[in-house]
Each structure stands twice: as C-alpha cells, then as structure tokens.
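Here the structure comes first, spelled out in structure tokens, and everything after it is commentary.
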Amino acid sequence: MLYFGDDDITRAAAYLCGIMTYHGIPFTRIDSTESPTDELLQAPCAAFIISDYPRKQFLPGQLEIIREAVNNGAGLVMFGGWESYHGRLGEYHKTVLADVLPVSMLNSDDRRNFSQGVILSPVQPHPILKGLPWESPPLVGGLNAFAAKPDATVLLKGQPLAITKEHDEFDFNCDSEWKPYSMLVVGKYGKGRTAALATDVAPHWVGGFVDWGNTRITQELPNGGFVEIGADYAKFFAQLLRWLAG
C-alpha cells in the first residue's frame, strides 16, 4: 500500500498505520507536508490510499501516474477529510481522479458535521462488510457529501440521528429531514478496484467508529507511540484494503 496523508504518524496517521501494522498489511506512507517522487509512484503498488492529503502536494503529472496505475490494476481509495474530495477549499473535484473514483464530487464545500452522529448501515452484502456486527452499528461525526456514479455500488449508507428530550425522556430517531448519505461506494476503473469512504479514518469525524467492537486492540507504532482501537473498526478497514488490492 502507498498511503498519503493524515498529517504524520504522531497524529491522525497513527490510526491507519496501527491497523495495517496489526493486520500485517505492508505499506509506505507520505506525510501531508511532503510530496512523493515519480519513482515512488511508478514502483509496483497494490493500492493507493489518499486520506486528507492536500492536492497541492502532488507534483504536476503525478495524479496521471496514479490514474494509469489504477487503469493497469492497482487499487485506489479516498477517505474523507477537510482536504479530501472537494473539502474546504476544492481539492480533487477538478483533477483526473474525478474520473477514477466511483463517486461524483460536489463543486462546493462538501463537509457535513453532525453533533448527534450518523449511523452507518449496510446496503448489500460484500467482502468488505463480512463478519462485522452491523446489528450494533457505529456512529461517525462528519463526512464529505458525494453521489455514487451510475455504474458504482453503494455498500454503506449513513442516516443522521435526531435525539430530542421531552418530559425528562429522550427520544432517539433518524432525522427524516435528511436523506441517507452514501458512505462507502466501490467501483472499477480499467483493471483496478476503486473505493470512496465519505468519513475519516481518524478523529474527529470518525467518531465512535474508532471504538467499534467488544474487544480492543493496542498496537505499537514504529515511532514508539501506540493506538488503542476497537477490533471491529480495525477489521473493517483491513477488509476494505485487502479487497481493494484484490
């Protein structure tokens, strides 16, 4: 795996680095303040992970290298964040990755934040979702809004919660004013598999998702730090990346 973004391993990147280390998935990563070399992008790679990584860090022609690699069989996934999809300032919606990813991005700020959370639930069976406790679904706190392309497949939807209190009793309902968001969409580009996850892999948007599971994992990191995460959260992302790589 070639992993771009999420600041550095002492911050948000610690979560996905911990997941891949725990599940034995080899990876190389690029900090959000660094740019890759053409040689690195052209080396054999099972899949590219772009997660909250500034578009400006890619040098001219490098996104075209990624597009060609996916066309030839590499995987590509984008995770949500302020610098994913359109994001805060407009990152990837006018790049060649708009053709590669299985979703249509907005032409304006696509960030959505939810103080009461968004419930994730499966739309249809898939190897990425297999063996996970969807009867006890996790919550996330934010996302990038996008739409699945006609030839893509929506695997997860997200429904905002509406929690109200009346006469000292709480009422928990889905917010009927919001249509469910497409949260995980998969597709193909040429010979490669593609995926788009609307939410982040790390706080703050990941919300309670990071603790999903009855058991917890503690994983040491190469920098001497560690992460403590839910086992099912880690399993979800490991299954997503393994499917992506074929």
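Tell me, yes or no, whether the range 164-173 has at least one residue that is under 23 Å from N214 (Cα atoms), loosely packed, with under 11 Cβ neighbours inside 10 Å and either out of contact with any Pro (no Cβ under 6 Å at 6 or more places or on another chain) or at pLDDT 95 or above (or both). The answer is yes, given that some residue of the range 164-173 is under 23 Å from N214 (Cα atoms), loosely packed, with under 11 Cβ neighbours inside 10 Å and either out of contact with any Pro (no Cβ under 6 Å at 6 or more places or on another chain) or at pLDDT 95 or above (or both).
Out of Y189, Y92, report the one residue that is closer than 30 Å to F58 by Cα, in contact (Cβ under 8 Å) with a residue 60 or more places away in the chain and not basic (K, R). Selected residue: Y189, the only one of Y189, Y92 that is closer than 30 Å to F58 by Cα, in contact (Cβ under 8 Å) with a residue 60 or more places away in the chain and not basic (K, R).
Here is a yes/no grid of residues against (1) free of Cβ contacts under 8 Å to residues at least 24 places away in the same chain; (2) closer than 18 Å to L139 by Cβ:
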residue	(1), (2)
L156	no, yes
A162	no, yes
E169	yes, no
V185	no, no
R193	no, no
V201	no, yes
H204	no, yes
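Within the range 229-246, how many residues are of a type in the set (A, V, I, L, M) and touching an Asp or Glu at 6+ places or on another chain (Cβ under 9 Å)? Residues in the range 229-246 being of a type in the set (A, V, I, L, M) and touching an Asp or Glu at 6+ places or on another chain (Cβ under 9 Å): 1 in total. Does the range 86-97 contain at least one residue that is crowded, with 18+ Cβ neighbours inside 10 Å, of a type in the set (A, V, I, L, M) and touching a Ser or Thr at 6+ places or on another chain (Cβ under 8 Å)? The answer is no; no qualifying residue exists. In the set (1) farther than 30 Å from N173 by Cα; (2) crowded, with 24+ Cβ neighbours inside 10 Å; (3) aliphatic (A, V, I, L, M), V118 fails one condition alone, (1). Any residue at all in the range 126-149 that is touching a helix residue (DSSP H, G or I) at 6+ places or on another chain (Cβ under 6 Å), modelled with pLDDT of 95 or more, buried (at least 19 other Cβ atoms within 10 Å of the Cβ) and among the β-branched types (V, I, T)? Looking through the range 126-149, at least one residue is touching a helix residue (DSSP H, G or I) at 6+ places or on another chain (Cβ under 6 Å), modelled with pLDDT of 95 or more, buried (at least 19 other Cβ atoms within 10 Å of the Cβ) and among the β-branched types (V, I, T). Of the residues A74, A13, the single one that is in contact with an Asp or Glu (Cβ under 6 Å, 6 or more places away or on another chain), of a type in the set (A, V, I, L, M) and surrounded by 22 or more Cβ atoms within 10 Å (Cβ to Cβ) is A13. Counting the residues of the range 129-157 that are of a type in the set (D, E, K, R) and within 22 Å of E91 (Cβ to Cβ) gives 1. Out of all the residues in the range 41-56, which are of a type in the set (F, W, Y) and under 17 Å from R11 (Cβ atoms)? If the condition is that a residue be of a type in the set (F, W, Y) and under 17 Å from R11 (Cβ atoms), then Y53 is the only one that fits. Restricting attention to the range 47-77, the residues that are under 19 Å from D6 (Cβ atoms) and of a type in the set (A, V, I, L, M) total 7. Is it true that G87 is in a loop (DSSP other than H, G, I, E, B), at positive phi, within 18 Å of the chain's Cα centre (by Cα) and at pLDDT 95 or above? The answer is yes for G87.
Between P26, P36, P44, the distinction of being under 19 Å from the mean Cα position of the chain (by Cα) and either modelled with pLDDT under 95 or not in a helix (DSSP H, G or I) (or both) belongs to P26 only.
The values are calculated or read from the model by the stated rules, or taken from the named source; none is laboratory data. From a predicted model like this one, the values you see are computed outputs, not experimental measurements. Quick reminder, even Gly has a Cβ in these numbers, built from the backbone with ideal geometry, and neighbours come from all protein chains shown.
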